[in-house]
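Contents: one structure, followed by commentary.
Only the coordinates and a few stated rules stand behind these numbers; no lab work does. These numbers were taken from a predicted model, which means no experiment stands behind them. Cβ placement follows ideal geometry from the backbone for every residue including glycine, while neighbour counts extend to all protein chains displayed.
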Amino acid sequence: MSDKTVCHVCPHHCTLSEGNVGRCHARTCRDGKSVSTNYGKLTSVALDPIEKKPLSFFRQGSFILSVGSFGCNMSCPFCQNYEIASVGEFFFQKLYSLTPEEVVRLAKEQISEGNIGVAYTYNEAMVGYEYVRDCSKLVHEAGMVNVLVTNGMTELPVLEEVLPYIDAMNIDLKCFTNEAYEKLGGDLETVKRFIARSSQESHVEITTLIVPGISDDMEDMDREAEWLASISPEIPLHITRYFPRYKMMEKPTDIGLMEQLKKTAEKHLTRVVLGNV
């Protein structure tokens with residue numbers, strides 16, 4: 001058996017040696033196969049308003065048990081959760097250990113608090129898709145819903161393993177040029193395929209963080225909104241305000257610019273909302 005494998009999860013297709021981790025910090029080669037290192041190892045567990053995901057048109061006013069682990073397959077210099085997304089397991093002194101069965105049990109215990117299910121969020125959940133798949137199956141069996149918050153940087157065969165169990169998604173569409181996506185460690189065409197396929201089976205909302213010099217171009221927003229409208233003019237788009245974070249210290253996005261971007265998007269889409277304003 002080979003001591004190396006090519007990871008199948010995202011378009012980076014990391015070549016993994018036995019015991020080494022890929023660029024996402026959350027996958028390794030074990031017995032010649034790409035496997036998750038973060039299965040059942042959580043950095044964050046919280047009961048959040050559904051609007052915080054953000055989802056503005058799915059079960060409004062409800063709460064959802066949110067769980068997150070570590071790792072991400074992109075390298076955004078403005079990452080809001082870089083403390084858990086940009087590092088691997090050995091950077092944490094303490095991790096919560098929860099099996100899928102324990103996650104469902106905890107979710108059911110929160111029903112009296114308004115909980116409707118489980119959200120996979122905070123880090124990039126799909127780098128550990130096996131946990132999302134196993135939890136979400138049990139969540140559905142318990143009569144509750146699943147929400148996935150993701151950057152969409154996942155190959156379609158992997159998406160198909162979780163898609164039947166996901167009721168709603170918020171997908172980050174970071175920008176709308178190949179060049180900008182490459183600088184962020186991503187691939188625009190992969191994300192577009194992910195969005196298009198997910199929209200066929202699940203309630204999908206899109207978030208674009210308006211980052212200076214990356215996603216603040218009016219023509220790019222026009223093309224983005226036009227493309228989203230080709231899937232459905234009713235797909236919700238969250239145009240969200242950037243604040244200095246991690247490696248980017250530029251000033252927060254000008255609200256006037258955001259309002260102009262919203263008007264541009266509304267030429268094509270019926271549900272455009274401003275976030276973080």
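Observations, loosely collected:
- For the residue pairs K33/K94; K41/K94; K4/K192, the C-alpha atoms sit more than 18 angstrom apart in K33/K94; K4/K192.
- Estimated distance in nm for a label pair at A46 and E141, the labels positioned 7 Å out from Cα along Cα-to-Cβ: 3.0
- Each of L159, I171, P54 was placed along the dipole of the chain (beta-carbon charges, centred on the mean Cα), and the one lying farthest toward the positive end is P54.
- Check: the chain dipole with +1 on Lys, Arg Cβ and -1 on Asp, Glu Cβ, in debye: 400
- If you look at the Cα atoms of the chain, you get an Rg and a Dmax of 18.2, 59 Å.
- Among beta bridges from DSSP that stay inside the chain, the antiparallel ones total about 40%.
- Annotation: amide H of M169 within the under-5 Å range of L148, H203, V204, E205, sequence separation 5 or more or interchain, hydrogens built in the peptide plane.
- Computed from the C-beta positions of K183 and L257 and an R0 of 22 Å, the FRET efficiency is 0.60 to the nearest 0.05.
- Residue-by-residue Karplus 3J(HN,Hα) for the range 216-221, coefficients 6.51, -1.76, 1.60, Hz, glycine and proline x: 10, 7, 5, 5, 5, 5
- In this calculation the C-beta distance from R245 to K94 is compared with R0 = 22 Å, giving a FRET efficiency of 0.40.
- With a Förster radius of 22 Å applied to the beta-carbon distance between S56 and A196, the computed FRET efficiency rounds to 0.60.
- Computed over the range 38-275, relative contact order equals 17 percent, with contacts defined as Cα pairs under 8 Å that lie 6+ residues apart.
- Value at 222 nm in deg cm²/dmol, rounded to 500, when DSSP H runs of n ≥ 4 in the chain each add -39,500 (n - 2.57): -8500 deg cm²/dmol
- Distance between the C-alpha centres of the range 1-33 and the range 178-215: 24 Å, rounded to the whole angstrom.
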